[in-house]
There are 2 protein chains.
Amino acid sequence: MVAGPLAIIAGSGNLPLEIGSAALEAGHSIYMVGLVGNADPSIEKFPHIWVKFGELGKLFRQLAIWECRDLIIVGGVNRPHFSEIGFDLGAVKSVPNLTRLLKGGDDNVLNGIVAFFESHGYTIVSPVDIAAQLSASIGHVGSIKESEGKSIDYGFSLLGAMAPFDVGQAAVVIDERAVAVEGIEGTDLMLERIADLRSIGRLRTRGRAGVLVKAPKRGQNMKIDLPTIGPRTIALAIEAGLSGIAIAAGGVLIVERKQVIEKANEANLFIVGKQWTVMTASAGGM
Amino acid sequence: MVAGPLAIIAGSGNLPLEIGSAALEAGHSIYMVGLVGNADPSIEKFPHIWVKFGELGKLFRQLAIWECRDLIIVGGVNRPHFSEIGFDLGAVKSVPNLTRLLKGGDDNVLNGIVAFFESHGYTIVSPVDIAAQLSASIGHVGSIKESEGKSIDYGFSLLGAMAPFDVGQAAVVIDERAVAVEGIEGTDLMLERIADLRSIGRLRTRGRAGVLVKAPKRGQNMKIDLPTIGPRTIALAIEAGLSGIAIAAGGVLIVERKQVIEKANEANLFIVGKQWTVMTASAGGM
């Protein structure tokens, strides 16, 4: 339970704002910490500061002023190269092993960030715990054909097989064949690839076909790295000629849910939340 | 053992020609069957005919004239949509279930093609059996750092986990993280993606880094769908900033081997053939 004020360390996108609003509605005091070059300027409608990568001293001082020990870290981040980060004195003093944080796969980095803040006495709070209504539940919007149901199961099996590896958390499946698997390009670029492959004739189907399947990977840090879908996912899925989207219930955040559902319904694109039980790194499980 | 004349059903690329030449050197009589719109015009240096998709009657008649019962099927194919194929009388008579061939994933289609020809009394011969010198053996060209060795093992483990699924057979691994996984776009476009991700700053490494790992998938039909690398793979791996290529020994054909090795050496790119034991659909195993 979060009793005191909550600081949201905000990367790019709308999610920090949505979570901020949901937390505010739930009665929390909210402060925003905007990551320069990443966070949306609209975070300024909350009490806020802006920090650059490496300005940990400035961050810690402000959190002390706000008397804030609970943090949400959310939003996209263009991770700068280590050599480009300007460290302030607070950062230099507090992170003898900061280099380790910025090496290796996402999982290592993110777990390292959580461990780093926790070692300084902060608690990292999962957005799901503050704004549970943002995550997908079991059920569906739109209708699903039997063959699509098989492709969905196939996709979740593939993601399950890949879960032990530090690799993407999404795939596009058509007729029980994985036509695309996500790497570091992310879900958006993977969907654009499907549209491209269709336009050059490398992927042909009779009408719309294919399901985007998305789930957390094993060990994924659900406190700070929740998989998401949003209106852009819907738009790209439509451009890619897909028939629907299947996501792990409780494991994927839906950003701008109202708009997502409207857009999906308009385009006759189904969205389904399926039970999914891969082990993640969230304290409370999924 | 192939005693009589051998017909090579030739899709795109140089491989049909290379295999033709290697088979000729090994003392076989060679005929070429060029797939219109796919095969290289150079196949005409062999005794040949050209056929379109669906001209099975024409193909069977010519094979009878050549007294040819052993076939190699090799090279890339732009699979036409079913509605675009013109079937001749021979095709209509001999394939009541042809529609099934053109549905589903690659594996189903390819196994179906093999089964189809075999049901008509032909033997599909693996290129490896005719031109074993074309496939990679265990060993390496260039030097491999310990960290790269770990990434290679990681990549083969990932391909092993994905092998039961009908999905790509290659990945790019950097520091034990899979940054790209191959779908239907194929190895070339996956490597172009890596170059693109570098150019937009989504992938940053200190100098060249990353290994292309490639292997057959489980159930892959080694008679008719051998994974390959060639000079273009080397060029794209260099553009993608990789440090090397790891392939399954005995399971991946090296097209234009001399040029491949020269190019790799020039660019200081390693190539390693590793033992790999996934179960494929080849009669003789790998």
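The values are calculated or read from the model by the stated rules, or taken from the named source; none is laboratory data. From a predicted model like this one, the values you see are computed outputs, not experimental measurements. Positions of Cβ are generated from backbone atoms using ideal geometry, with glycine treated the same way; all protein chains shown enter the neighbour counts. Surface accessibility is based on the protein's heavy atoms, side chains included, excluding ligands, DNA and RNA. Shrake-Rupley method; radii C 1.70, N 1.55, O 1.52, S 1.80 Å.
What the table shows:
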{"quantity": "Helical contribution to [θ] at 222 nm, DSSP H n ≥ 4, -39,500 (n - 2.57), averaged over chain B, rounded to 500", "calculated": "-10500 deg cm²/dmol"}
{"quantity": "Spatially near lysine pairs across chain A, Cα under 20 Å, sequence gap of 8 or more or different chains", "calculated": "17"}
{"quantity": "Total charge dipole magnitude, the range A:140-191, about the Cα centre, Cβ charges on Lys, Arg, Asp, Glu only, Debye to nearest 20", "calculated": "120 debye"}
{"quantity": "Of A:ILE254, A:ILE200, A:ILE224, the one that fluctuates the most in a GNM where chain A has Cα springs shorter than 10 Å", "calculated": "A:ILE200"}
{"quantity": "Label point 7 Å beyond Cα along the C-beta direction, distances from A:ARG206 to other copies (nm, shortest first)", "calculated": "5.6"}
{"quantity": "Residue with peak Gaussian network fluctuation, chain A [Cα springs, cutoff 10 Å], from A:SER157, A:SER243, A:SER29", "calculated": "A:SER157"}
{"quantity": "Selection from A:VAL33, A:ILE247, A:PHE53, by position along the positive dipole direction of chain A (Cβ)", "calculated": "A:ILE247"}
{"quantity": "Interface burial for B against A (accessible surface, 1.4 Å probe, total of both chains, Å², rounded to 100)", "calculated": "3000 Å²"}
{"quantity": "Rounded to 5, percent antiparallel among DSSP beta bridges of the range B:1-94", "calculated": "5 percent"}
{"quantity": "Estimated inter-spin distance, A:THR277 and A:ASP188, nm [label 7 Å along Cα→Cβ]", "calculated": "3.5 nm"}
{"quantity": "Area accessible to solvent at A:ARG208, 1.4 Å probe radius, in Å²", "calculated": "100 Å²"}
{"quantity": "Most to least accessible of A:ARG206, A:ARG198 (protein chains only, probe 1.4 Å)", "calculated": "A:ARG206, A:ARG198"}
{"quantity": "Among beta bridges that DSSP assigns inside the protein assembly as shown, antiparallel share in %, nearest 5", "calculated": "35 percent"}
{"quantity": "Cα gyration tensor, the range B:30-73 - rounded (a/c under 1.5), prolate or oblate", "calculated": "oblate"}
{"quantity": "Heavy-atom accessible surface of the range A:1-62: percent carbon and sulfur, 1.4 Å", "calculated": "54 percent"}
{"quantity": "Residue-level accessible surface for A:SER21, protein heavy atoms, 1.4 Å, Å²", "calculated": "40 Å²"}
{"quantity": "Charge dipole (debye, nearest 20) of the range B:129-286; +1 at Cβ of Lys and Arg, -1 at Cβ of Asp and Glu", "calculated": "240 debye"}
{"quantity": "Ellipsoid semi-axes in whole angstrom, largest first, where each is sqrt(5λ) of the Cα gyration tensor of the range B:1-77", "calculated": "17, 16, 9"}
{"quantity": "Efficiency of FRET from Cβ geometry, B:HIS120 and B:GLU84, R₀ 22 Å, rounded to 0.05", "calculated": "0.40"}
{"quantity": "Label geometry 7 Å along the beta-carbon vector: B:PRO5 inter-copy distances in nm", "calculated": "8.8"}
{"quantity": "Cα gyration tensor category, rounded, prolate or oblate, for the range B:176-270 with a/c compared to 1.5", "calculated": "oblate"}
{"quantity": "Near-label residues of the range B:152-172 by backbone N, under 17 Å of a point 7 Å along Cα→Cβ of B:ARG198", "calculated": "B:171-172"}
{"quantity": "Rg(Cα)/(2.2 N^0.38 Å) for the protein assembly as shown, N = residue count", "calculated": "1.09"}
{"quantity": "Whole-number accessible area per residue in Å² for chain B, which is evaluated in the context of all protein chains at 1.4 Å", "calculated": "43 Å²"}
{"quantity": "Label geometry 7 Å along the beta-carbon vector: A:SER157 inter-copy distances in nm", "calculated": "2.3"}
{"quantity": "Antiparallel DSSP beta bridges within the range A:120-260, as percent of all bridges there, nearest 5", "calculated": "60 percent"}
